[in-house]
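Read-outs throughout are calculated quantities, based only on the coordinates presented, and are distinct from any laboratory measurement. Not measured: the values here are computed from a predicted model. Quick reminder, even Gly has a Cβ in these numbers, built from the backbone with ideal geometry, and neighbours come from all protein chains shown.
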Amino acid sequence: MNFNVVLNKVNTEDSAREKLRDFNQLFKAFTSQLNITVENLMLYQQAFMHSSYINDLGLDKRYNNERLEFLGDAVLELMVSDHIFNKYEALPEGRLTKLRANIVCEPSLVVFASKINMEQLILLGRGEEKTGGRHRPSIVSDAFEAFLGALYLDQGTKGVFQFLSQVVFPEIQTSDYNAVVDYKTKLQEYAHSAYKDSVTYTLVSASGPSHHRQFETTANLGNKVLGHGQGLTKKESEQQAAKSALLALGQEV
């Protein structure tokens with residue numbers, strides 16, 4: 001693939017050119033912080049080019065970061081498998097599979113990416129930027145995997161292992177690792193223990209275009225509203241409402 005097609009097009013668009021210039025500066029600081037020596041900058045530029053950025057340039061979708069995401073996903077699964085296989089020698093296959101799934105799932109990847117402020121590097125189209133795409137979990141996790149794909153092509157397995165050893169593996173302290181916190185379950189357990197009652201959820205509103213719906217939900221105990229939550233799905237808004245309720249009740253989250 002001739003990535004110069006993208007760079008030539010970027011140079012004709014003021015907004016795209018400015019975004020890429022900012023990316024190059026941020027990425028230099030990012031790689032310096034992580035002690036990564038870049039051989040092929042274009043690989044990493046593509047790794048952070050979301051489909052909306054490429055669409056704004058009027059280019060074919062093969063130039064966005066999805067192919068690198070495909071590769072990075074496979075590399076991540078292999079290296080995480082190798083790490084936990086050797087670290088937890090007593091775990092049977094079933095529990096290894098569950099642990100790996102908890103590590104490579106979207107919420108975990110967002111945690112890892114946010115730890116190093118990776119979301120600031122993502123190149124988005126104008127519309128996606130305006131609707132908060134930079135903090136959308138699916139976009140952030142996809143960029144994390146695409147970066148791993150680029151790192152693998154640029155540095156090989158050694159480079160990927162060094163990166164994961166800094167960013168991911170230190171987070172896996174036990175075989176029960178799970179980045180997903182189920183606030184609804186925690187709230188229900190507390191409500192049953194403290195009030196002998198069940199929590200209910202009410203959808204207050206759903207707004208925005210179909211591709212970017214915003215849901216607002218309340219968590220209720222009887223007739224009392226304990227917390228409010230918002231999210232891009234009903235499920236996410238309920239989780240956030242439960243988290244808000246737990247905080248209002250003085251519980252740790």
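Once you put a point 7 Å from the Cα of Ser114 and another 7 Å from the Cα of Thr31, both along the Cβ direction, what distance in nm separates them?
For Ser114 paired with Thr31, the spin-label model returns 2.7 nm.
Starting at 0 and stepping by 5 Å, how many percent of the alpha carbon pairs of region 173-253 end up in each bin?
Computed distribution, short to long bins: 3, 17, 24, 21, 14, 11, 7, 3, 0.
For the chain, count the residues as N, evaluate 2.2 N^0.38 Å, and divide the Cα radius of gyration by that value, please.
Working: Rg = 20.9 Å, N = 253, 2.2 N^0.38 = 18.0 Å.
Cα Rg divided by the expected 2.2 N^0.38 Å: 1.16.
Hey, what does the equivalent ellipsoid look like for region 92-196, semi-axes from the Cα gyration tensor as sqrt of 5 times each eigenvalue, largest first, whole Å? Before the final figure, lay out the partial values.
Numbers: eigenvalues 174, 100, 21 Å².
Ellipsoid half-lengths, sorted descending, are 30, 22, 10 Å.
Are there any GluC sites (Glu not before Pro) in region 28-79 that are in a DSSP loop and have at most 15 other Cβ atoms within 10 Å? List them by number.
Values: sites: Glu39, Glu66, Glu69, Glu77; in loops: Glu39.
In loop regions of region 28-79 (DSSP not H, G, I, E or B), the sparsely surrounded GluC sites (Glu not before Pro) are Glu39.
How much length would be gained if the chain were fully extended between Thr12 and Arg62, taking 0.36 nm per residue of separation minus their Cα-Cα distance, in nm to one decimal? Present the calculation step by step, with values, prior to reporting the outcome.
Working: separation 50, 0.36 × 50 = 18.00 nm, distance 1.97 nm.
The Thr12-Arg62 span can extend by a further 16.0 nm.
Grab the beta carbon distance between Phe3 and Asp182, set R0 = 41 Å, and tell me the FRET efficiency rounded to 0.05.
Numbers: r = 42 Å, r/R0 = 1.02.
Once the sixth-power term is evaluated, E becomes 0.45.
Scan region 14-70 for chymotrypsin sites (Phe, Trp or Tyr not before Pro) in coil per DSSP, keeping those whose Cβ has at most 16 other Cβ atoms within 10 Å, and list them by number.
Numbers: sites: Phe23, Phe27, Phe30, Tyr44, Phe48, Tyr53, Tyr63, Phe70; in loops: Phe48.
Hits after loop and neighbour filter: nothing returned.
Where does helix 137-167 land angle-wise versus the long Cα axis of the chain, in degrees 0 to 90, nearest 10?
Taking Cα atoms only, the helix is inclined about 60 degrees.
Distance in nm between label sites at Asn24 and Met42, each 7 Å beyond Cα in the beta-carbon direction?
Calculated label separation equals 1.4 nm.
Could you list the GluC sites (Glu not before Pro) in region 177-253 that lie in coil according to DSSP, counting only those with at most 12 other Cβ atoms within 10 Å of their Cβ? Please report the intermediate quantities before stating the final value.
Values: sites: Glu189, Glu216, Glu236, Glu238, Glu252; in loops: Glu252.
When the GluC sites (Glu not before Pro) of region 177-253 are filtered for loop state and at most 12 Cβ neighbours within 10 Å, Glu252 remain.
Any idea what the relative contact order of region 131-235 is, in percent, if you count C-alpha pairs under 8 Å spaced at least 6 apart?
Working: 88 pairs, mean separation 14.6, N = 105.
This gives 14 percent for region 131-235.
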